[in-house]
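> Dropping the structure in here first, questions after.
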């Protein structure tokens, strides 16, 4: 993840583990043995409705396989530049669920973190 500041790199690393824990809470994901092995953000859409970061992620299926999936991480706040994203505010808290959805056929994750105070 070169070209990203330490705060952003730390966010994506923490999100990898947070997504794995959240997948464990979802019965359908748990049945498939899904877990996350990392994110590669590629596109930052910071203007207009549906602001998000999109890219690729690696999703494990039990201990037998990993697949490359796509993801979108939605940003509710208006943020003019990538350098201004307050990454620490977007990591979903441990006691909050329902922010992650997945489609194993499309190999895609959507993440809509809860709004957090500044």
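> Among 70, 40, which comes first, second and so on when ranked by fewest other beta-carbon atoms within 10 Å? Don't jump to the answer; show the numbers that get you there.
Details: 70 15, 40 12.
Ordered from fewest to most neighbouring Cβ atoms within 10 Å, 70, 40 come out as 40, 70.
> For the chain, what is the calculated [θ] at 222 nm in deg cm²/dmol (nearest 500), taking -39500 (n - 2.57) for each run of four or more DSSP H residues and dividing by its residue count? Write out the running numbers ahead of the final one.
Values: 2 runs with 26 residues, N = 118.
Per the formula, -7000 deg cm²/dmol.
> OK, next. Note down the Stokes-Einstein diffusion coefficient of segment 56-117 in µm²/s, whole number, using a Kirkwood radius over alpha carbon pairs, 10 °C, and 1.306 mPa s.
Details: Rh = 13.4 Å.
For the chosen part, D equals 118 µm²/s.
> Now, a different point. Note the full-extension length gain between residue 17 and residue 42 as 0.36 nm times their separation in residues minus their Cα-Cα distance, in nm to one decimal. Can you show the working numbers first?
Numbers: separation 25, 0.36 × 25 = 9.00 nm, distance 1.96 nm.
Difference between extended and current length: 7.0 nm.
> Gain in length, residue 105 to residue 78, computed as 0.36 nm per residue apart minus the alpha-carbon separation, to one decimal in nm?
Working: separation 27, 0.36 × 27 = 9.72 nm, distance 3.17 nm.
Between residue 105 and residue 78, full extension yields an extra 6.6 nm.
> Using only alpha carbons, build the gyration tensor for the chain and give me the equivalent ellipsoid semi-axes, biggest first, whole Å.
Working: eigenvalues 111, 46, 35 Å².
Working through the eigenvalues yields semi-axes of 24, 15, 13 Å.
> Quote the relative contact order of the chain in percent (integer), defining contacts as alpha-carbon pairs under 8 Å separated by 6+ residues. The partial results should precede the final answer.
On the way: 195 pairs, mean separation 24.7, N = 118.
Value for the chain: 21 percent.
> Continuing with the same structure: By DSSP, what percent of the beta bridges with both residues in the chain are antiparallel, rounded to the nearest 5?
Numbers: 23 of 27 bridges.
Beta bridges within the chain, antiparallel portion: roughly 85 percent.
> Also, I was wondering about something else. Quick check: residue separation of residue 115 and residue 67 times 0.36 nm, minus the Cα distance between them. What number comes out in nm?
Working: separation 48, 0.36 × 48 = 17.28 nm, distance 2.99 nm.
Contour length minus the Cα-Cα distance gives 14.3 nm.
Values in this text are rule-based calculations from the coordinates and carry no lab data. Owing to the predicted nature of the structure, the values given are computational and were not obtained by experimental measurement. Note that each Cβ is placed from the backbone with ideal geometry, even for glycine, and that neighbours are counted across all protein chains shown.
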